[in-house]
Amino acid sequence: MKRAAPWNAPWYEADDVEAPPCCQCGALQGLRWATGGEWFYCLGCWRDYGSQAAEVIHLCGQEPTLQRARYAAPRLFSEPPARGGPRHLDSLPIEVTPEDSFDAARRLLQDPRRREPDLEAPPPVVLNMANATWVGGGFLRDSSGQEEELCRRSNVFPQLMEAARAGSFPIPELGSIVLQDVTVFRERVGEEYTRLDAPYHVSVITAAAPCHPDLSTDAARHEYAELMQAKVDSLLSVIEHLGYTELVLSAWGCGAFRNPPKEVARIFREALHGKFAGAFRRIVFAVYDRPDWRETNYSIFKGELCG
């Protein structure tokens, strides 16, 4: 008997799932998903239509270097791990840059200072500002956003799908999913995506900020601040626990989720200069804003973290 499609996913994968046929070619097998309303496409037709999501899924399914045997299984942390003894690393000043998260990670990998102390340093870990419920956020619908952009440039999405099959979604409130070996194999030039001649490898930690928090009263703002502080502490605890020393963070939840950027930046600043002082060697906040925003998250984070 066929199983029902997952409640929290707009895609229908493989042949044992109840799913309508492709509206273009009538295919009843393989991956297909809804693009709105009752229209369902198979992977091939949706790829022909020009979907970046379909192109990435096709590439990840075709190329052995992007498939499961090449990377460790995703790790779910339902809650923050217990902290060990404090680390005392020679930390560089926090950077806030107006760049893409993967571009920031590549810049760290190419920095000559990184290779001098030890050649076995772990890769930078990149924060994926995730949707807690929908795997990959709006990736399959070619939506814009930081999580969707990470999925369009790498094999993040297949690894998140593996985590979903293992029961990691919805992501717990203080939880995170760590993808230890992500291959970044595409870059964006303007509106186009091209293959990289030299793909690179990073780690990705997937965690969700509160979605549209209530900030209408003093009590609500206080409750929000406590929750966000717990989330930031949990995120940094997992990163520290796994031995990462180079972080690419961002304006967590300050886009479509409408978290207050000044408050989020303050919480990060207090954690990184307080409880986690000396825990990390290098921290970059890669804050890529839309050009039409009146006051940018970049300027707010820059002022709060570097002022």
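The values are calculated or read from the model by the stated rules, or taken from the named source; none is laboratory data. Predicted model, so just to flag it, every value in this text is computed and none were measured. Don't worry about glycine lacking a Cβ; one is built from the backbone with ideal geometry, like all the others, and counts go over all protein chains shown.
Looking at V248, is it within 29 Å of G84 (Cβ to Cβ), of a type outside the set (S, T, N, Q) and surrounded by 22 or more Cβ atoms within 10 Å (Cβ to Cβ)? In short, yes.
Residues that are part of a loop (DSSP other than H, G, I, E, B) and hydrophobic (A, V, I, L, M, F, W, C) were ranked within the range 123-145; the one that is farthest from E55 (Cα to Cα) is A132. Annotation note: of V184, V202, V135, the sole residue that is closer than 27 Å to M228 by Cα, touching a Pro at 6+ places or on another chain (Cβ under 8 Å) and not charged (D, E, K, R) is V202. Of everything listed in (1) touching a helix residue (DSSP H, G or I) at 6+ places or on another chain (Cβ under 6 Å); (2) farther than 18 Å from Q146 by Cβ; (3) not acidic (D, E), the single unmet condition for T217 is (1). Applying the criterion of being part of a helix (DSSP H, G or I), at pLDDT 95 or above and of a type outside the set (A, V, I, L, M, F, W, C) to the residues of the range 146-158, the residue that is surrounded by the fewest Cβ atoms within 10 Å (Cβ to Cβ) is R152.
Check whether at least one residue in the range 164-174 is in contact with a Pro (Cβ under 6 Å, 6 or more places away or on another chain) and among the aromatic types (F, W, Y), and report yes or no. Scanning the range 164-174 turns up no residue that is in contact with a Pro (Cβ under 6 Å, 6 or more places away or on another chain) and among the aromatic types (F, W, Y). Has the range 77-92 got any residue that is surrounded by 19 or more Cβ atoms within 10 Å (Cβ to Cβ), within 19 Å of the chain's Cα centre (by Cα) and at pLDDT 85 or above? Looking through the range 77-92, at least one residue is surrounded by 19 or more Cβ atoms within 10 Å (Cβ to Cβ), within 19 Å of the chain's Cα centre (by Cα) and at pLDDT 85 or above. Within the range 279-307, being small (G, A, S) and either modelled with pLDDT of 95 or more or not in a loop (DSSP other than H, G, I, E, B) (or both) holds for A279, A286, S299, G303. Among the residues examined, A132 does not qualify as of a type in the set (A, V, I, L, M), modelled with pLDDT of 90 or more and either more than 27 Å from G175 (Cβ to Cβ) or touching a strand residue (DSSP E or B) at 6+ places or on another chain (Cβ under 6 Å) (or both). Selection over the range 205-233 of residues that are under 22 Å from the mean Cα position of the chain (by Cα) and either crowded, with 21+ Cβ neighbours inside 10 Å or part of a loop (DSSP other than H, G, I, E, B) (or both) gives a count of 12.
If you take the residues of the range 161-192 that are of a type in the set (D, E) and part of a strand (DSSP E or B), which of them is surrounded by the most Cβ atoms within 10 Å (Cβ to Cβ)? Looking at residues that are of a type in the set (D, E) and part of a strand (DSSP E or B), I get E187.
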